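Enquirer: I'd like to ask you about the structure that follows.
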Amino acid sequence: MKTNAIVIAAVALSLQATAVLAQTKPGVDKLYILNCGEGSTTDISRWSPGVDVGKPMDFVDTCYLIHHAQGWLLWDTGVTDAIAAMPEGLAPTDPKAVHWRRPKTLASQLDQLSVKPADLKFVAISHTHPDHIGNVELFPTTMLLVQKVEYDWPLPLGVGRFKPEHPVTKLDGDHDVFGDGSVTLIATPGHTPGHQSLLVRLPNTGAVLLSGDAVHFQSNWDNRRVPAINVDKDKTAASMQRIAEVLAKEKATLWINHDKAQRDSLKMAPAYYD
Ligand SMILES: [Zn+2]
């Protein structure tokens, strides 16, 4: 009788332990791709000096929402949601830059997933160009993850980029976001002083490396072309080499933020990668 009671108690304990383990399953389990803008340029050679002069091209702008057992992380925020209300989109002052449109707001896509802005644990930013930080202030209480040299970059666009009161962790190089190696910021400077990319190790899909603007589209990556708008050409070239090494080591796939052909081949939210 006594032995039975001990066995029952032991089974109950082990069931409890299993339940706790299931609740606290470690690591990253979902990655959603969000539409954070669509655009077009009349001259692609801005991104490939001397090559494809006068050739038009369509761009996309992409955000990625990642769920980890410890909470949500948003990678980049796209062009501002305000563009969604502009019938003709936002025309650039330089006619060769990108004319952006916003078919869907970031807010509506989070809403569709029942994720509230206050639910986010982190917003990580590849760099501070407007097509990546356009909606940072949708998340005024969420911790920003930005490289320190990027945060301190003296107003290259002539405007303040982050509100001084916005919570921020200023990073100095690579950073393991959740402390378990599942989501890692990789310093890839050059395009801007503190540009970073994001390595996500998904359990079923495998590793993916989210480019930021370390590279803009596939042919530029294949030919290692550095765009005209770039802060440090040598650093950009070194960062491309670093990305190639990470891809080889991790057997990772490079997902290029602005590459429309690639994005069109991937599944968008509410579908997700796990
Ligand atoms: Zn950029």
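Enquirer: Here's a check for you: in region 135-155, which residue that is part of a loop (DSSP other than H, G, I, E, B) and within 16 Å of the ligand (Cβ to nearest atom) is nearest to the chain's Cα centre (by Cα)? Give the steps one after another, and end with the answer.
Expert: Taking region 135-155 first, the residues part of a loop (DSSP other than H, G, I, E, B) are 135, 139-142, 152-155.
In the following step, the residues that additionally are within 16 Å of the ligand (Cβ to nearest atom) were identified as 135, 153, 155.
Details: 135: 13, 153: 20, 155: 22 Å.
So the residue we want is 135.
Enquirer: I've got another one for you. Please tell me if residue 96 is within 16 Å of the ligand (Cβ to nearest atom) and over 17 Å from residue 257 (Cα atoms).
Expert: Values: within 16 Å of the ligand (Cβ to nearest atom): yes; over 17 Å from residue 257 (Cα atoms): yes.
When the stated conditions are applied, residue 96 passes them.
Quick grid of which residues meet (1) closer than 23 Å to residue 31 by Cα; (2) within 13 Å of the ligand (Cβ to nearest atom); (3) of a type in the set (Ser, Thr, Tyr); (4) at pLDDT below 95:
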position	(1), (2), (3), (4)
209	yes, no, no, no
224	no, no, no, yes
227	no, yes, no, yes
235	no, no, no, no
238	no, no, no, no
247	yes, no, no, no
253	yes, no, yes, no
262	yes, no, no, no
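Enquirer: Test residue 176 against the criterion of being surrounded by 14 or more Cβ atoms within 10 Å (Cβ to Cβ), of a type in the set (Asp, Glu) and closer than 24 Å to residue 31 by Cα, and give yes or no.
Expert: Details: surrounded by 14 or more Cβ atoms within 10 Å (Cβ to Cβ): no; of a type in the set (Asp, Glu): yes; closer than 24 Å to residue 31 by Cα: yes.
For residue 176, the condition - surrounded by 14 or more Cβ atoms within 10 Å (Cβ to Cβ), of a type in the set (Asp, Glu) and closer than 24 Å to residue 31 by Cα - is not met.
Enquirer: For the subset of region 141-173 comprising residues that are hydroxyl-bearing (Ser, Thr, Tyr) and either out of contact with any Phe, Trp or Tyr (no Cβ under 7 Å at 6 or more places or on another chain) or modelled with pLDDT under 95 (or both), which member is farthest from residue 188 (Cα to Cα)?
Expert: First pass over region 141-173, keeping only residues hydroxyl-bearing (Ser, Thr, Tyr): 141-142, 151, 169.
Now restrict to residues that are either out of contact with any Phe, Trp or Tyr (no Cβ under 7 Å at 6 or more places or on another chain) or modelled with pLDDT under 95 (or both): 141, 151, 169.
Values: 141: 27, 151: 15, 169: 17 Å.
Among residues in region 141-173 that are hydroxyl-bearing (Ser, Thr, Tyr) and either out of contact with any Phe, Trp or Tyr (no Cβ under 7 Å at 6 or more places or on another chain) or modelled with pLDDT under 95 (or both), the one farthest from residue 188 (Cα to Cα) is 141.
Enquirer: Output the qualifying pairs, or none if there are none: Cβ atoms under 6 angstrom, residues six or more apart or on different chains, first residue in region 225-242 and more than 18 Å from residue 46 (Cβ to Cβ), second residue surrounded by 18 or more Cβ atoms within 10 Å (Cβ to Cβ).
Expert: Correct list of pairs: 235/189; 235/190; 239/188; 239/190; 239/214.
Enquirer: Same structure again: Can you pull out every residue in region 108-129 that is part of a strand (DSSP E or B) and either more than 16 Å from the ligand (Cβ to nearest atom) or among the polar types (S, T, N, Q) (or both)?
Expert: Filtering region 108-129 for residues part of a strand (DSSP E or B) gives 120-124.
Within region 108-129, 120, 121, 122, 123 qualify.
Enquirer: Determine, yes or no, whether residue 132 is within 14 Å of the ligand (Cβ to nearest atom), in a helix (DSSP H, G or I) and either closer than 29 Å to residue 236 by Cα or out of contact with any Ser or Thr (no Cβ under 7 Å at 6 or more places or on another chain) (or both). Before the answer, list the steps.
Expert: Working: within 14 Å of the ligand (Cβ to nearest atom): yes; in a helix (DSSP H, G or I): yes; either closer than 29 Å to residue 236 by Cα or out of contact with any Ser or Thr (no Cβ under 7 Å at 6 or more places or on another chain) (or both): yes.
So residue 132 passes the test.
Enquirer: Search region 160-179 for residues being part of a strand (DSSP E or B) and in contact with a helix residue (DSSP H, G or I) (Cβ under 8 Å, 6 or more places away or on another chain), and hand back the single one that is nearest to residue 136 (Cα to Cα). Working first, answer last.
Expert: To start, the set of residues in region 160-179 that are part of a strand (DSSP E or B) comprises 168-171, 175-176.
Then keep just the ones that are in contact with a helix residue (DSSP H, G or I) (Cβ under 8 Å, 6 or more places away or on another chain); that gives 168, 170-171.
On the way: 168: 11, 170: 15, 171: 17 Å.
Top of the filtered list is 168.
Enquirer: Something else: Which residue, of 188, 105, is of a type in the set (Ser, Thr, Tyr) and away from the ligand (no atom under 16 Å from the Cβ)? Explain how you work it out, then say what you get.
Expert: Numbers: 188 fails: away from the ligand (no atom under 16 Å from the Cβ).
Criteria check complete, one pass: 105.
The values are calculated or read from the model by the stated rules, or taken from the named source; none is laboratory data. On a predicted model such as this, the values are computed, not experimentally measured, just so you know. Neighbour counts are summed over all protein chains in view; Cβ atoms, including those assigned to glycine, are modelled from backbone coordinates with ideal geometry.
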